């Protein structure tokens, strides 16, 4: 549910922006679904994300959003995760709706 995902994303918006190129504490998330992992231009990554995979597939995003520190030990992302499966799916649907 894209609308639900937009509401849930407000938790993420303290550190992530959805405008292309608008890095903040975290990398911008415009076009993140399907994008290569750790490839937001201009953002300095911690190096922990490579173990997740090559791209931010919906499955990789789903696992990461559940528990970032478990999926990518050493990540600098301090968010503890979204515990509800439906919340993770909705956020991914929202993010996927943002790209061109």
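Give the shape of the range 18-62 as rounded, prolate or oblate, defined through the alpha-carbon gyration tensor: a ≥ b ≥ c are the square roots of its eigenvalues, a/c under 1.5 means rounded, and otherwise the shape is prolate if a/b is larger than b/c and oblate if not. Note, shape of the range 18-62 comes out oblate.
Assuming a ≥ b ≥ c are the square roots of the Cα gyration tensor eigenvalues, decide whether the range 11-100 counts as rounded (a/c under 1.5), prolate (otherwise, with a/b larger than b/c) or oblate. It would help to have the intermediate numbers written out before the result.
Details: a/c = 1.30, a/b = 1.04, b/c = 1.25.
Rounded, because the longest to shortest axis ratio a/c is under 1.5.
Available extension along the chain between residue 45 and residue 7 is 11.0 nm, counting 0.36 nm per residue and deducting the alpha carbon span.
Where a number appears in this text, it was derived from the coordinates with a stated rule and is not lab data. Predicted model, so just to flag it, every value in this text is computed and none were measured.
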